[in-house]
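Q: Quick one: the structure is below, and I'll ask about it shortly.
The values are calculated or read from the model by the stated rules, or taken from the named source; none is laboratory data. Fair warning: this is a prediction, and the values are worked out from it, not measured in the lab. In this analysis, Cβ positions are derived from the backbone assuming ideal geometry, glycine residues included, and neighbour counts consider all displayed protein chains. For accessibility, only protein heavy atoms count, side chains too; no ligands or nucleic acids. Shrake-Rupley method; radii C 1.70, N 1.55, O 1.52, S 1.80 Å.
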Amino acid sequence: MPDKVIPIKNALRATVAAPRYDGGALADTRGRSLRDLRISVTDRCNFRCTYCMPSHVFDADYPFLPHAALLSFEEIARLAAVFVGLGVKKIRLTGGEPLLRKDLPLLVGMLAPLGADLTLTTNGSTLVKHAAALKAAGLNRITVSLDSLDDATFRAMNDADFPVARVLDGIAAAADAGFAPVKINMVLKRGVNDHQIVEAARYWRDSGHILRFIEFMDVGSTNGWRMDDVIPSAQVLRRIGEAFPIEPADANYTGEVAERWRYQDGAGEIGVISSVTQAFCRDCNRLRLSTEGSLYTCLFAQQGHDLKSLLRGGAPDEAIRDAIAAVWRARDDRYSEIRTAETAKQRKVEMSYIGG
Ligand code: SAM
């Protein structure tokens with residue numbers, strides 16, 4: 001819920017007379033540089049994944065943002081250019097379900113010339129319709145969330161009775177459109193889909209796509225997270241390794257979220273994202289721009305910094321750039337390193353709003 005946004009002027013005051021950004025390397029208080037930007041283009045989704053947007057909370061009465069509150073494509077593109085000027089190398093469009101935002105390929109076409117690695121995370125439900133247009137508009141890569149290959153399990157997890165076959169068709173459409181490899185995200189929840197780990201690995205081996213297992217996280221405050229429900233990545237790797245020998249692979253770059261492993265027989269690679277059992281805050285280089293233009297320095301943040309007022313108040317790009325730089329320089333977050341059962345209960349911003 002967008003109820004914890006602090007105006008940017010407060011953020012600036014907190015940094016005590018932030019200096020003008022001088023074009024130098026941007027580092028936060030822990031020496032981390034800014035590299036990735038995630039942009040949530042809508043807080044709505046057609047799925048009600050129990051671990052993300054549980055249907056008893058995100059129901060017909062849920063106060064989703066009105067259209068006027070959303071950043072326009074022009075506003076997003078303008079901010080994205082400022083972020084790239086500050087060193088951002090990768091932009092991920094997400095949400096909510098980003099493909100629910102009308103004419104998303106238009107936004108992709110506006111962002112592509114910035115030259116950042118442009119990626120999208122989607123539930124895949126409408127990819128058959130959109131994959132070719134996204135490719136033509138200049139999108140570089142796609143990640144599709146798919147928690148189970150078993151239809152009954154998948155329908156239960158998305159809680160929208162959505163069939164697995166249509167997501168598989170979407171992944172095929174993405175590959176046909178030239179997105180290769182597609183990354184497949186599988187969030188594991190104990191007793192729900194963890195019995196399908198090896199089966200999923202077998203299915204995606206040799207497909208050219210990359211399966212990534214994600215530990216169930218305590219994002220937001222509505223998903224009923226319990227440590228007992230988390231399947232540690234070490235267990236995932238052990239189970240897969242028993243079926244298909246694997247070995248670690250080097251990270252593509254510092255701060256990469258997924259730890260890479262490859263099959264020793266050359267059948268491709270898998271990834272594990274272990275935010276709970278092996279916190280990777282130390283290298284975290286991500287900023288998040290919420291659907292209505294607030295800046296969040298951590299996925300587990302309780303407060304954002306309002307950029308939209310600056311944007312709509314007529315501030316020039318330089319002022320917006322200085323404000324973003326000040327927020328990054330003051331950044332101190334390391335939630336996953338200090339997570340406890342108590343912090344997990346804190347009221348945090350929802351992932352659908354902040355961008356997954
Ligand atoms: N709707 C898109 C999708 O389904 O991919 C994009 C948004 S979704 C919030 C982004 C990613 O976050 C998905 O891969 C989803 O599975 C993951 N996610 C959501 N809630 C999570 C949680 N509590 N723990 C771990 N991953 C989560």
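Q: Counting pairs on different chains as well as pairs 8 or more places apart, how many Lys pairs in the chain have Cα atoms under 21 Å apart?
A: 16
Q: Another question about this same structure. Mind checking the dipole of the chain: about its Cα centre, +1 per Lys or Arg Cβ, -1 per Asp or Glu Cβ, Debye to the nearest 20?
A: For the chain, the charge dipole is close to 760 debye.
Q: Then there is this: Compute the long axis of helix 73-85 from its Cα atoms, compare it with the longest principal axis of the Cα atoms of the chain, and write down the angle in degrees, 0 to 90, nearest 10.
A: Helix 73-85 sits at roughly 90 degrees to that axis.
Q: With labels modelled as points extended 7 Å from the Cα through the Cβ direction, what inter-label distance (nm, one decimal) is found for Arg78 paired with Arg20?
A: With each label placed 7 Å out from Cα toward Cβ, I get 2.0 nm.
Q: While we're here: Which of Cys52, Val198, His209 sits closest to the plus end of the dipole of the chain, meaning its Cα is farthest towards the positive end, when Lys and Arg get +1 and Asp and Glu get -1 on the C-beta?
A: Value computed over the given set: Cys52.
Q: So how far, in whole Å, is the C-alpha centre of segment 205-281 from the one of segment 89-116?
A: Between the Cα centres of segment 205-281 and segment 89-116 lies a distance of 26 Å.
Q: Length gain on complete extension for the stretch Thr153 to Glu199, per 0.36 nm per residue less the alpha carbon to alpha carbon distance?
A: 15.2 nm
Q: Just grab the label-to-label distance for Ala243 and Ala112, each label 7 Å out from Cα along the Cβ direction, in nm (one decimal).
A: Label-label distance for Ala243 and Ala112, simple model: 3.7 nm.
Q: Still on this structure, please answer the following. Starting from the amide H of Ser294, placed 1.01 Å from N in the peptide plane, find each other amide H under 5 Å away whose residue is 5 or more places distant or on another chain.
A: For Ser294, the qualifying residues are Leu307.
Q: Please give, to one decimal in nm, the separation of the simple spin-label points placed at Arg226 and Gln346, each 7 Å out from Cα toward the Cβ.
A: My value for the distance between the label points is 2.3 nm.
Q: Right, something else. Using a 1.4 Å probe on the protein heavy atoms only, what accessible surface does Thr254 show? Give it in Å² to the nearest 10.
A: For Thr254, solvent-accessible area is about 110 Å².
Q: If R₀ is 45 angstrom, what is the calculated FRET efficiency for the pair Gln303 and Ala136, using the beta carbon separation as r and rounding to 0.05?
A: 0.70
Q: So how tilted is helix 127-137 from the main axis of the chain? Cα-based, degrees 0 to 90, rounded to 10.
A: 50 degrees
Q: Can you give the calculated 222 nm mean residue ellipticity of the chain, where each DSSP H run of n ≥ 4 adds -39,500 (n - 2.57) and the sum is split over every residue, rounded to the nearest 500 deg cm²/dmol?
A: -8500 deg cm²/dmol
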